[in-house]
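Here's the structure, in structure tokens; my notes come after.
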Amino acid sequence: MLGLASAQKDVLNKLKTYGGIGAALLLFCNACKQEAPPGPPPELVVTVAQPLKKSLMEWAEYTGRLDAADDVSVRARVSGYLESVHFEEGEYVKEGTLLFTIDQRPFKAEVNKAKASLAQAEASLSLAIANLERAQMLILENAISRQDFDLRQSEAEQAAANVQAAEAELETRELDLGFTKVKAPINGIAGERLATKGNLISGGSELATVLTTVVPHAPIYVYFEIDEATILSFVRRVMNGELPGRGSGEESPVELQLSDEEGFPHKGTMDFVDNRLSEESATITARGKFANEDRFLTPGLFARVRIPASREYEAILIPDSAVGSLQSKKYVWTVSEKNEAQRKIIELGPLYEGLRIVRSGLTGNETLITKGIQMVRPNAPLSVEKSQVEFPVDKK
């Protein structure tokens, strides 16, 4: 213990001797421990591009179903036994093509009977005319009474009427005979045979036997429903001249896409818009018409349909990857002349071929940050990694 106390005294004496030097060393060490002032933040590497300007037309898309312009159920107009069938199921038939033949023998007999009745009526008319001519000569000589003359004249008129009735009866029987040949009423695709040879079929009424159907594929319709909000917007745009409509002299285009197709390769025109909205669905029925000359489009298919939502104009397009959200607002980051990030609030429109239409907020001449927007802060210094003039357009 005495040795330790003696050692402490020696250290104190030495500190007193070298006090000035120790204090200087202490101050130097404290200065070394102080942190250096912060330098400027590192530049953020970003990918940039200019918005794409493109002349385009906006479209509104709907789901529709294809339907034939006509759909005819072929029925017999007379009753009888089916004698023969003259078409193949599913083949294209022209108007007037013979499809079925009904046993003609009973109808030929009726035609012959009507011809005989007509000949009998014509013979009676000849006799009545001869009697009237003799009566005309006798009345001039007062050889017969006026009553007898009137009787001869009445008989001649009655005989003429009988001839007309017989002619009408013959025409009816000949029509019935012609109806034994059931022909295609329109051009189209013949459906399934619903009656075969040897069957007794009924005809001549709404309950007549359906023999087959004929459905034309050219032209063809597509029906789709437009919601209330959209139809109101369309009507206002038509009234303002922003869209073609009735009375403008312009046809409104319609484009169609089937489930296995890309884009909208089938082009048609608006053909019909109903006169009232459905109370149940608050939609209105619209119809597009397509020439379908190759008869590829088939009634009953579902399809995507689009109609113009604007006239052609120059739009500003950007990728969705460049868009950020700030509460309910949308924004993009642009690069200033000083290579600093600036936020711009924008209003977006619909997608167009994979890019987003910008309604307002951009002029199209900005340098837009397209990647890494999550790391960008206002006025942050930037290092531009890549620049491109146009965005790649992903067509859908």
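Out of all the residues in the range 157-190, which are in a loop (DSSP other than H, G, I, E, B) and either touching a Gly at 6+ places or on another chain (Cβ under 9 Å) or under 30 Å from Leu132 (Cβ atoms) (or both)? Before you say what the answer is, go through the steps one by one.
Applying the first criterion (in a loop (DSSP other than H, G, I, E, B)) to the range 157-190 yields 180, 184-187.
Thr180, Ala184, Pro185, listed by residue number.
Do any residues in the range 90-115 that are modelled with pLDDT of 95 or more have Cβ atoms under 6 Å from those of residues that are surrounded by fewer than 17 Cβ atoms within 10 Å (Cβ to Cβ) and in a helix (DSSP H, G or I), where the two are at least six apart or on different chains, and which pairs are they?
Going by the 6 Å Cβ cut-off, the qualifying pairs are Val111/Glu174.
Which condition number does Val332 fail, the rest of (1) more than 16 Å from Pro51 (Cβ to Cβ); (2) more than 27 Å from the chain's Cα centre (by Cα); (3) among the aliphatic types (A, V, I, L, M); (4) crowded, with 16+ Cβ neighbours inside 10 Å being met?
Unmet condition: (1).
Out of Gln158, Gln164, Gln147, Gln136, which single residue is touching a Phe, Trp or Tyr at 6+ places or on another chain (Cβ under 8 Å), open to solvent by 70 Å² or more (accessible area, probe 1.4 Å) and not β-branched (Val, Ile, Thr)? Please lay out each step first, then the result.
On the way: Gln158 fails: touching a Phe, Trp or Tyr at 6+ places or on another chain (Cβ under 8 Å); Gln164 fails: touching a Phe, Trp or Tyr at 6+ places or on another chain (Cβ under 8 Å); Gln147 fails: touching a Phe, Trp or Tyr at 6+ places or on another chain (Cβ under 8 Å).
Just a single option satisfies the conditions, and that option is Gln136.
What's the number of the only condition in (1) at pLDDT below 90; (2) open to solvent by less than 40 Å² (accessible area, probe 1.4 Å) that Gly188 fails to meet?
Going through (1) at pLDDT below 90; (2) open to solvent by less than 40 Å² (accessible area, probe 1.4 Å) one by one, Gly188 breaks only (1).
In the range 341-365, what residues are open to solvent by 60 Å² or more (accessible area, probe 1.4 Å) and among the charged types (D, E, K, R)? Give the derivation first.
Going residue by residue through the range 341-365, those that are open to solvent by 60 Å² or more (accessible area, probe 1.4 Å) are 342-345, 347, 351, 359, 363, 365.
Scanning the range 341-365 gives Arg343, Lys344, Glu347, Arg359.
Enumerate the pairs (first residue in the range 339-357 and under 16 Å from Leu56 (Cα atoms); second residue anywhere and among the charged types (D, E, K, R) and assigned to a strand (DSSP E or B)) with beta-carbon separation below 6 Å, excluding pairs fewer than 6 apart on the same chain, so at least 6 apart or on different chains.
Short answer, once both residue conditions are applied: Leu348/Lys330; Leu348/Arg356; Gly349/Arg359.
If I go through the range 71-121 residue by residue, how many of them are open to solvent by less than 80 Å² (accessible area, probe 1.4 Å), assigned to a loop (DSSP other than H, G, I, E, B) and either charged (D, E, K, R) or within 15 Å of Val214 (Cβ to Cβ) (or both)?
Here the count works out to 7.
The values are calculated or read from the model by the stated rules, or taken from the named source; none is laboratory data. Computed from a predicted structure; not experimentally measured. With ideal geometry, Cβ positions are generated from the backbone for all residues, glycine too; neighbour counts draw on all protein chains shown. Areas reflect the complete protein model, heavy atoms only, side chains present, ligands, DNA and RNA absent. Shrake-Rupley method; radii C 1.70, N 1.55, O 1.52, S 1.80 Å.
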